[in-house]
Structures are given as C-alpha cells and as structure tokens.
Amino acid sequence: MKKLILAAALSAASSMTANAADYKIDTDGAHAFVQFKISHLGYSWLYGRFNTFDGQFSYDAAKLAESEINLVIDTASVDSNHAERDKHLRSGDFLNVSKHPKATFNSTKVVAKEGDKFDLYGNLTLNGVTKEVVINAEKLGEGSDPWGGYRAGFAGTTSFELKDFGINYDLGPASSTVYLDLTVEGIRL
Amino acid sequence: MLTNSSSQYGIISVSLHWLVALSIYSLFALGYWMVDLTYYSSWYRTAPYWHKSVGILLFGVVVFRLLWRCYTTTPSPVASHSVIEKRLAKLTHNLLYLLMLLIMLSGYLISTADGRPISVFGWFNVPGFGEIFPQQADRAGLVHKYLAYFIIALSLLHALAALKHHFIDKDFTLKRMFGRSAR
C-alpha cells in the first residue's frame, strides 16, 4: 500500500514537472477572476464573483494537449455586491456552502482550435454534483513580467444549467443558465 | 391614569406592553413566512421591506419603553406571588427585554452588512456601517433566527404564567396588565 502511494506520488510529481511549465495562479496579486453572470428576469445581467479560490496549471504552447488546470473555489466567498443576496446565494437554495464549501474544476482534456484558442474539458464540482463542462478558452499572452518572473494569462467562458448542479430555486424562465467567465494569470514556478 | 402607581400600571405602560407584544408576534409571523417566498411572489420585496421598517420603528418603541420603565414607578409584584414566582417573573421580563434588543440588533446587522442603509417605509434611512465582523450577514442571520424562536417560546411561557395566575390562582396579575387595580 505504501509503495503504491509512493509510486502514485512520484508519477504525479513527474507528470507535473515532465514537460509543460507549471504555473501558480496569481491569487496573491489578484490577477485572476472567477466571475459569473445570470439573467435577471430576462431584462438584464446580474454579475457576481468568487473572491477566494486557488489553483495551478501547467502549460506549454508547443504541447498544448498536455496542459492542465486545477482550481478550488471557496463557495462562501460569493460576492454579488449585496450582502442580503449573497446570504441567500450561500444558503441551501443555491450554493449550500455549509455542506459544500468548495467547488472545484479539474481539467481532463485540451483540444486546440485556431490561433490561441482551445477547448478545455474538465469536471466541475459544484453543490456536491460533478459534471463535465467545456470551457472555451484562449491564451491572452505570456512573457516576462517587470519583476523578474514569467507569466501566462488565459480567459475562458462556459455556461451550465443551475438545475444540472442540483440548484432548483426558481429564478424565472430566463434565469436557468449561469455563465462563468474566468480569467487566470499564472506565475511560472 | 396615565402613569404607574406602586400597585397599578398606567395607560402608557399597558399600551407599550401590548403594542410591543403584538408587534413581536406580527414580525415573527411575517419573518417566518417571508423567508420562504418564491422569487416571483409579489410579496418577495414588500414583506422584507415591511419587516425591516416595523423592526426599526419597534426599536424606537422599545427604547422609549425601557426609558419609561427607568424613570417611572414600577408596580410591586402582586403580594400573593411566591418568592420563586417573583424571581422567575423578574428573570423572564429581563430576558425578554434582552432578547428583543439582540434580535433587533442582529436584524440590523444582516441588512447593513454591505453598508446599505435600511429604509423605513421610505420615510427615512437608518445608515449601515458595513461589515463589522466576517460573514456578518450569515452569522447575524443565525442569531436573529434562533433568538426569534427563543423569544416566542419564552413569551408563550410568560403568557402561560399569566393565565395560570388568572385561572388557577385567581389573582389580578393579568387584569393588572389591562390597567386594572386590585379592587
């Protein structure tokens, strides 16, 4: 059993370091954003974000398919700029944060598209439900930063039905889909 | 008689007692009902607005009631009450006052956790001071909810005690709360 764990740890470590460069998402400097929007009554957009999350990714432009990303979001950090609404969003009607304090995204597959665009497949766990989602992603840029580091940044969007993740509070017919908007900037380790 | 004497409650104390009692039961019922309203209910916005407005006004009434209590005579306990009854009654009354204040404070802290003011029927705004401690809206919400259940339970006990005095001991404890004197 110990050997197995050791072997797993080693292979995990080697796969992390093997080819693509590893990046830590720059949450310390807040150059990463997990935002969402949902229609309000079908008349306008409501925007919100998660303030606390962490993650890392590995990326190599030449070997895009080997890239991967793991993200852990603290669901209690939901912020829609209205304390009473955020309290409701954290309740059992929506995110149920006392039962499911973390949401995660773990990529499974990267499919290159034209230019710097790619499809990022992965498992999104939200409200205790895990479903595959596809993020339409794009590399925005990479290079040296002015402070001696090396950074790469990406943006991506995806959408899903609230009810697919067991969130059944009725916000009206126009408000069943939530759109996620992610921007991550990583600092190469 | 407007003011209290050593044996009788005046109209002001009696009115304050029943006004506060009625308001608390109304606020509890409204609060209990409104938290489960669906988004498309026509009451979804109105019910909390009224709950908060009445709550703020009630705070003013309770502050006045406490000041009134401090600066006027409080009738002595009914002589036929036992020592333990007097002690329990005193404890219950003080606890009811404390709970009222804590419930109103926690309610205020929910709605003002982002610095938004509370509008009282659109007549005036009570300013908010934003988040004073982490997860303020959620924590204050829990306190608000459980203390509300507690005050309802305690006030029912208070009412049961009054009924016991009225129907079993056949003393004038309850009659006195309607302004009546001993005879």
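List the trypsin sites (Lys or Arg not before Pro) in the range B:121-178 that DSSP assigns to loop (not H, G, I, E or B) and whose Cβ has at most 12 other Cβ atoms within 10 Å. Which are they?
B:LYS170
Setting aside same-chain residues fewer than 8 positions from B:LYS145, which lysines have a Cα under 20 Å from its Cα?
Cα-Cα hits under 20 Å: A:LYS87, A:LYS99, B:LYS52.
To make sure I understand the rule: partners must be lysines, Cα under 17 Å from the Cα of B:LYS170, and not fewer than 8 residues away in the same chain. Which ones qualify?
B:LYS86
Would you work out what percent of the accessible area of the range B:137-179, with all protein chains in place, is carbon or sulfur (probe 1.4 Å)?
Roughly 75 percent of what the probe reaches on the range B:137-179 is carbon or sulfur.
Working from Cα positions, state the angle (0 to 90°, nearest 10) between the long axis of helix B:83-111 and the longest principal axis of chain B.
With both axes taken from Cα atoms, the answer is about 20 degrees.
Full-extension gain between A:ASN81 and A:THR183, please, as 0.36 nm times their residue separation minus the C-alpha to C-alpha distance.
Roughly 34.8 nm would be gained on extension.
Per residue, how much accessible area does the range A:20-188 have with a 1.4 Å probe, in Å²?
Result: 49 Å² of accessible area for each residue.
Label B:ARG87 and B:TRP18 with points 7 Å out from Cα along Cα→Cβ: what is the distance between them in nm?
3.3
Summed for both chains, how many Å² of accessible area, to the nearest 100, are buried between B and A with a 1.4 Å probe?
Between B and A, the summed buried area is about 1100 Å².
For the range B:133-183, which chymotrypsin sites (Phe, Trp or Tyr not before Pro) are both in a DSSP coil and crowded by at most 12 other Cβ atoms within 10 Å?
B:PHE178
Using alpha carbons only, how many degrees (0 to 90, rounded to 10) separate the axis of helix A:2-17 from the longest principal axis of chain A?
For helix A:2-17, the angle is close to 90 degrees.
Length gain on complete extension for the stretch B:GLN135 to B:SER26, per 0.36 nm per residue less the alpha carbon to alpha carbon distance?
The B:GLN135-B:SER26 span can extend by a further 36.4 nm.
Across peptide B:35-41, what mean number of C-beta atoms from other chains lies inside 10 Å of a residue's C-beta?
3
Which parts of the range A:80-99, residue by residue, lose 10 Å² or more of accessible area when the rest of the protein chains are there, as against the chain isolated (1.4 Å probe)?
A:ASN81, A:HIS82, A:ALA83, A:GLU84, A:LYS87, A:HIS88, A:ARG90
Given 0.36 nm per residue, what is the gain on full extension from B:TRP123 to B:TYR149 after removing their alpha carbon distance, in nm?
This chain segment gains 6.4 nm when fully extended.
Could you work out the relative contact order of chain A? I mean the mean sequence separation of Cα pairs under 8 Å and 6+ apart, divided by the number of residues, in percent.
Taking the mean separation of contacting Cα pairs over the length of chain A, I get 23 percent.
The values are calculated or read from the model by the stated rules, or taken from the named source; none is laboratory data. Since we're looking at a predicted model, the values are computed, not measured. Note that we place each Cβ from the backbone using ideal geometry, even for glycine, and neighbour counts take in every protein chain shown. All accessible areas refer to the heavy atoms of the entire protein, side chains included, with ligands and DNA or RNA removed. Shrake-Rupley method; radii C 1.70, N 1.55, O 1.52, S 1.80 Å.
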